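Notes follow the structure.
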Amino acid sequence: MAKALGRTLAEKVWDDHVVVRGEDGAPDLLYIDLHLIHEVTSPQAFDGLRMAGRPVRRPDLTIATEDHNTPTLNITKQIADPVSRIQIETLRRNCEEFGVRLHPLGDVEQGIVHVVGPQLGLTMPGITVVCGDSHTSTHGAFGAMAFGIGTSEVEHVLATQTLPLTPFKTMAITVEGELRDGVTAKDIILAVIAKIGTGGGQGYVLEYRGSAIRALSMEGRMTICNMSIEAGARAGMVAPDQTTYDYLKGRPHAPKGADWDAAIAYWNTLPTDEDAVFDAEVFLDANELEPFVTWGTNPGQGVLLSDAIPAPESFDDPNEQASARRALEYMDLAAGTRMKDIRVDAVFMGSCTNSRIEDLRAFASVIKGKKKADGVRVMVVPGSARVRLEAEAEGIDKIVEEFGAEWRFAGCSMCLGMNPDQLAPGERCASTSNRNFEGRQGKGGRTHLVSPLVAAATAVRGTLSGPWDLEGLDGRMPETAVGAGAAAQVGNDLRTQGGTR
Amino acid sequence: MEKITVVDGVAVPLERAQVDTDQIIPAEFLKRVTKTGFDDALFFAWRQDPDFVLNDPAFASGTVLVAGPDFGTGSSREHAVWALRDYGFRAVISPRFGDIFRGNSGKQGLLAAQVTEDAVETMWRLIREKPGIPASVDLVSKTVTVGEFTAPFEIDDYTRWRLLEGLDDIALTLRDESSITRFENARQSWRPLTLPAQ
């Protein structure tokens with residue numbers, strides 16, 4: 001990377017982790033600072049280590065939690081599905097045998113792996129993070145280089161704490177302007193994906209920049225980086241700033257004392273140099289954004305909530321036309337239908353995209369004092385046991401229950417339906433998750449990706465809706481609603497309690 | 001890992017774009033703790049449709065899958081590669097692959113060959129005209145041949161070399177272990193540790 005000009009954030013973090021520089025087309029050997037593990041993509045990796053007689057090289061850079069399979073009801077009982085149970089038990093045995101720290105179901109730090117890392121303060125700027133999960137891109141919100149890997153790579157990192165990788169190209173996604181009330185980080189990223197397509201980011205690391213990104217909370221930045229993979233990019237990043245430092249400071253694993261000062265001094269050098277050049281650039285005007293929702297079966301098939309479903313013929317590319325036709329058939333929808341006329345059977349509020357405290361606050365602010373629409377099943381699943389506790393301390397559980405929704409325990413839940421939380425065939429769901437693929441939330445289930453505010457308003461009305469559509473507001477936002485940049489800080493008392501098993 | 005030079009066999013047309021890994025193997029099959037036995041799970045939902053291409057007897061012994069652009073996007077599940085391999089596929093051809101899927105393929109000896117969209121369209125047409133037409137993917141010359149039609153394909157040099165030599169990635173990396181240790185000794189103390197300090 002012999003560039004005469006300055007370097008991007010991604011290039012700086014990459015360069016500082018090169019153990020061996022690749023020559024003649026060989027990849028660089030990259031050091032991994034933090035390896036997150038969960039039950040689904042790790043069992044075969046641990047088996048591989050056992051067969052080769054290899055130890056985990058750095059258990060002190062590795063941490064595991066249970067999230068994909070875990071039930072969100074009756075968590076003190078034995079897991080009913082025997083196959084899920086065996087997978088969870090396998091993780092427990094592997095962590096015990098190889099000395100890896102585990103936060104199992106019932107532990108206060110258990111939860112979705114991408115909620116747990118940041119909440120413990122393990123995710124920080126300038127580090128490399130990997131996990132056998134494509135939504136590892138979430139951690140890039142801190143200015144970390146974070147990406148999902150396959151099980152062979154999980155084994156590789158367990159054995160060597162490194163990965164051979166070819167450098168990514170860089171793409172700047174610049175979002176300038178100010179989001180209107182009721183428009184959130186989720187709407188930004190859905191709009192980005194619709195703009196560049198599900199393959200647009202392939203081979204790139206995306207850097208989200210511009211005034212609208214700077215104004216976002218860490219939760220909002222995590223939502224955006226989380227869905228980078230839905231644009232085809234393995235990683236997404238945001239340069240660290242005071243918002244990042246304020247979020248991190250005081251968390252159990254954040255640097256302390258002299259280490260904190262040294263870290264800040266280094267982190268301040270990370271933002272992209274002014275004379276750095278990106279391999280590609282995309283611009284988005286935040287002022288013009290409205291709530292965004294998907295109509296199809298991939299995250300790029302989205303429109304404004306106020307819009308209608310496009311005709312397949314309106315796409316230039318024949319492959320996209322065919323995809324749109326297939327998607328409309330699967331979704332049982334017709335071109336030209338107004339998004340707001342679409343009735344749902346279920347609302348899912350959760351997933352690694354939108355299950356942090358700010359997301360739950362936003363959802364609660366819209367439903368407070370209201371009753372859910374008849375016949376709509378509404379499930380609220382906090383991202384971690386600690387987020388659940390924090391929400392309960394604020395009374396969010398009561399608001400959810402009085403609304404008629406289900407308040408669940410933490411996990412991936414209906415985002416991918418590996419546990420019992422699934423849609424029935426033909427059911428339609430407004431979901432704050434990240435993927436509207438065929439059958440993702442249950443065989444034959446139909447998914448519309450939405451923000452927490454849209455999920456909440458939809459739960460009230462029973463049709464896809466924004467908070468502006470609620471009665472008595474005359475097109476205004478509810479006064480309690482949390483806008484994109486207006487979130488309160490996480491309480492210090494909760495985040496410093498406990499930590500290890 | 002076995003050395004790969006040429007993959008021969010029957011080409012199967014998957015005339016769809018944006019095939020995500022949830023379609024290649026649904027999440028319900030990800031609960032297993034083994035690395036083999038996923039052949040029945042491959043395209044599980046789509047295979048319920050009798051008209052789906054894998055249910056066509058002409059393609060029963062398929063080894064080369066010819067797919068539309070953006071194959072293997074979405075979830076990082078390596079199970080997608082295991083399922084394709086267990087079913088009998090040795091190569092997948094597409095104009096664009098999901099990055100993680102492509103990486104996983106290289107680790108498991110499934111050849112992910114990137115060709116142009118025009119080449120895929122041509123191959124689809126040839127296969128439609130003559131189902132069961134022989135195909136071959138040559139890693140040495142980096143070409144795909146379907147019937148009389150030949151097209152070049154892209155694959156990164158390092159993956160190609162590893163597949164041709166049948167080399168294990170971890171063993172290769174461990175040759176650099178002294179460099180890894182040296183890097184670790186210089187690691188700054190502010191960087192995260194997951195275990196409480198001793």
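Since every read-out is calculated from the coordinates, none of them should be taken as a lab result. Just so it is clear, the structure is predicted and the values come from calculations on it, not from any experiment. We place every Cβ from the backbone using ideal geometry, glycine too, and count neighbours over all the protein chains shown.
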query = Ranking B:Asp169, B:Asp20, A:Asp181 by Cβ neighbours within 10 Å, fewest first, what do you get?
reply = A:Asp181, B:Asp169, B:Asp20
key: 30 Å Cα-Cα reach of A:Lys195 towards lysines, excluding residues that sit fewer than 8 places from it in its own chain   = A:Lys3, A:Lys12, A:Lys169, A:Lys186, A:Lys340, A:Lys443
task = With unit charges on the beta carbon (Lys/Arg positive, Asp/Glu negative), name the residue among A:Ala265, A:Pro312, A:Ala456 whose Cα is farthest towards the positive pole of the charge dipole of chain A.
result = A:Ala456
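For the stretch A:333-383, report the % of Cα-Cα distances exceeding 18 Å. Could the numbers behind the result be given before it?
Numbers: 577 of 1275 pairs.
Across the stretch A:333-383, Cα pairs with separations above 18 Å total 45 percent.
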task = For each of A:Tyr330, B:Tyr158, count neighbouring Cβ atoms within 10 Å of the residue's Cβ, then give the residues from fewest to most.
result = A:Tyr330, B:Tyr158
query = So, how do all the Cα-to-Cα distances of chain A break down into 10 Å bins, in percent, from 0 on up?
reply = 4, 20, 31, 28, 14, 3, 0
task = Mind checking A:144-151 for the average number of partner chain beta-carbons within 10 Å of each residue's beta-carbon?
result = 5
request  = Normalising by the residue count of the stretch A:237-303, find the relative contact order in percent from Cα pairs under 8 Å and 6+ residues apart.
outcome  = 22 percent
note = Ranked from fewest to most other Cβ atoms within 10 Å of their own Cβ, A:Lys443, A:Lys186, B:Lys107 fall in the order A:Lys443, B:Lys107, A:Lys186
inquiry  = Taking a virtual spin label 7 Å from the Cα of B:Val6 along the C-beta vector, which residues in the stretch B:61-83 bring their backbone nitrogen under 18 Å of it?
reply    = B:63-65
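Return the calculated 222 nm mean residue ellipticity for chain A, to the nearest 500 deg cm²/dmol, obtained by summing -39500 (n - 2.57) across DSSP H runs with n ≥ 4 and dividing by the residue count.
-8500 deg cm²/dmol
When Cβ neighbours within 10 Å are restricted to other protein chains, what is their mean count per residue of peptide B:150-159?
Partner-chain Cβ atoms within 10 Å, mean over residues of B:150-159: 2.
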task = Could you pull the Rg and Dmax for the stretch A:283-372, using just the Cα atoms, both in Å?
result = 15.7, 48
key: Percentage relative contact order, the stretch B:118-167, counting C-alpha pairs under 8 Å, at least six apart   = 25 percent
remark   = Treating only Lys and Arg (+1) and Asp and Glu (-1) as charged, each at its beta carbon, one finds that the stretch A:1-115 has a dipole about its Cα centre, in Debye to the nearest 20, of 100 debye
inquiry  = How many angstrom lie between the Cα centre of the stretch A:419-446 and the Cα centre of the stretch B:1-62?
reply    = 22 Å
query = To the nearest 500 deg cm²/dmol, what mean residue ellipticity at 222 nm is calculated for chain B from DSSP H runs of n ≥ 4 alone, each contributing -39,500 (n - 2.57), summed and divided by the residues?
reply = -8500 deg cm²/dmol
ask   = Taking one equal scatterer on every alpha-carbon of the stretch B:1-41, how large is log10 of I(q)/I(0) by Debye at q = 0.22, 0.25 1/Å?
value = -0.99, -0.99
task = Bin width 5 Å, alpha-carbon pairs only: give the P(r) of chain B as whole percents, running from 0 to the bin holding the largest distance.
result = 1, 7, 15, 18, 18, 14, 9, 6, 4, 3, 2, 1, 0, 0
message = Give the separation of the Cα centroids, the stretch A:348-415 to the stretch A:82-117, in Å.
response = 23 Å
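Report the relative contact order of chain A, percent, no decimals, based on alpha-carbon pairs under 8 angstrom and at least 6 residues apart.
18 percent
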key: Packing-based ranking, highest mean first, of A:199-207, A:236-244, A:444-452 given that Cβ atoms within 10 Å are counted   = A:444-452, A:199-207, A:236-244
request  = Please compute P(r) over all alpha-carbon pairs of the stretch B:59-151, binned at 10 Å starting from zero, and give each bin as a whole-number percent.
outcome  = 17, 52, 29, 3
inquiry  = For a protection proxy built on the mean count of beta-carbon atoms within 10 angstrom, sort B:131-143, A:130-142 highest first, please.
reply    = A:130-142, B:131-143
request  = Give me a single rounded figure for A:31-42: the average over its residues of other chain Cβ atoms within 10 Å of their Cβ.
outcome  = 3
key: Dipole axis of the protein assembly as shown (+1 Lys, Arg; -1 Asp, Glu on Cβ), positive-most option in A:Thr90, A:Asn419, A:Val116   = A:Thr90
